[in-house]
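Scroll down for the structure; my scribbles are underneath it.
The values are calculated or read from the model by the stated rules, or taken from the named source; none is laboratory data. Everything quoted here is computed from the prediction, not taken from an experiment. All Cβ positions, glycine included, derive from the backbone under ideal geometry; neighbour counts span all protein chains shown.
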Amino acid sequence: METRTALVTGAAQGLGQEFAVALAGRGYRVAGLDLEPQPETAAKVADYLELVGDVADPGTVQEGIERIADRFGGLHVVVNNAGVYPAKPFEETTVEDWRRVMRVNLEAPFLVTRAALPYLKAAGWGRVVNIASAAVLTAPPDMVPYVASKMGLIGFTRSLAAALAPYAVTVNAIAPSMVRTATAERTVGADGGFEAVCAGQLVDRTQEPADLVSTLLYVVDEGSGFLTGQTLNVSGGSAYL
Ligand SMILES: NC(=O)c1ccc[n+]([C@@H]2O[C@H](COP(=O)([O-])OP(=O)(O)OC[C@H]3O[C@@H](n4cnc5c(N)ncnc54)[C@H](O)[C@@H]3O)[C@@H](O)[C@H]2O)c1
């Protein structure tokens with residue numbers, strides 16, 4: 001099988017870094033697009049293509065995808081992972097807060113997938129993976145824009161799966177419960193905090209980024225062509241989709 005190429009958005013840290021390293025470990029050539037430089041990820045991934053810019057900016061996304069194609073000759077897997085999850089009381093949420101969450105979490109996956117599509121079609125095979133959240137079901141009160149954006153992402157996943165099925169491109173979402181990343185640890189009040197989330201799970205420990213790797217690799221696997229339009233709920237049994 002030819003060496004395939006993957007783009008992971010938000011790859012500087014957290015889940016995105018974990019996914020980039022895991023895909024590289026499976027032999028993928030990996031590019032990452034993040035607002036921040038990605039030295040830690042680059043140190044862990046051979047031949048890593050670092051793209052720095054805003055995933056919600058159409059020009060940046062288009063240019064980034066073209067650089068991937070120039071460097072690696074194609075694109076096969078897109079992991080729409082970049083996301084923001086500020087916790088704020090609904091009554092204090094401004095229109096700017098709302099739009100930022102929607103742009104990064106929902107509009108960016110549209111922009112990235114749209115820009116990637118000609119390359120996935122040319123390859124005759126593709127996998128789009130959207131990182132949603134089990135918070136769509138636990139629905140914490142201080143994350144209204146976030147929950148709305150991730151529910152939107154699940155709808156995007158379902159409909160896009162139908163749109164891209166003729167090209168042998170699958171589209172699926174992964175919905176983690178709260179995962180121990182530096183940002184989640186800083187986001188006081190997110191989903192009630194680690195202890196509250198843990199107490200609501202059947203699995204009695206906090207989820208780590210590594211806990212999501214097997215699901216990602218399953219979704220992108222060559223043998224997973226019949227899995228599409230789905231949201232895989234990897235939340236330790238805390239919420240059921
Ligand atoms: N950590 C959790 O508890 C948790 C739970 C469920 C779902 N998720 C989802 O998983 C994804 C990753 O979460 P994480 O905890 O690893 O986050 P993180 O903050 O550790 O990493 C996200 C990365 O995305 C980048 N990013 C943010 N906005 C961007 C933009 N506009 N353009 C380019 N890059 C941008 C950030 O710079 C950062 O490096 C998010 O979509 C999040 O909603 C996280």
So is Thr94 among the polar types (S, T, N, Q) and surrounded by fewer than 24 Cβ atoms within 10 Å (Cβ to Cβ) or not?
-> yes
Would you mind stating whether Pro118 is touching an Asp or Glu at 6+ places or on another chain (Cβ under 8 Å) and either more than 29 Å from Ala148 (Cα to Cα) or more than 12 Å from the ligand (Cβ to nearest atom) (or both)?
-> no
Within segment 98-130, residues of a type in the set (D, E, K, R) and in contact (Cβ under 8 Å) with a residue 60 or more places away in the chain come out as Arg127
Of the conditions (1) among the aliphatic types (A, V, I, L, M); (2) away from the ligand (no atom under 12 Å from the Cβ); (3) within 15 Å of the chain's Cα centre (by Cα), Ala24 clears all except one; give me its number.
-> (3)
Which one of the conditions (1) at pLDDT below 95; (2) of a type outside the set (S, T, N, Q); (3) within 16 Å of the ligand (Cβ to nearest atom) does Gly83 fail to meet, given that it meets all the rest?
-> (1)
So, of the residues in segment 43-52 that are away from the ligand (no atom under 13 Å from the Cβ) and surrounded by 13 or more Cβ atoms within 10 Å (Cβ to Cβ), which turns out to be farthest from Phe72 (Cα to Cα)?
-> Lys44
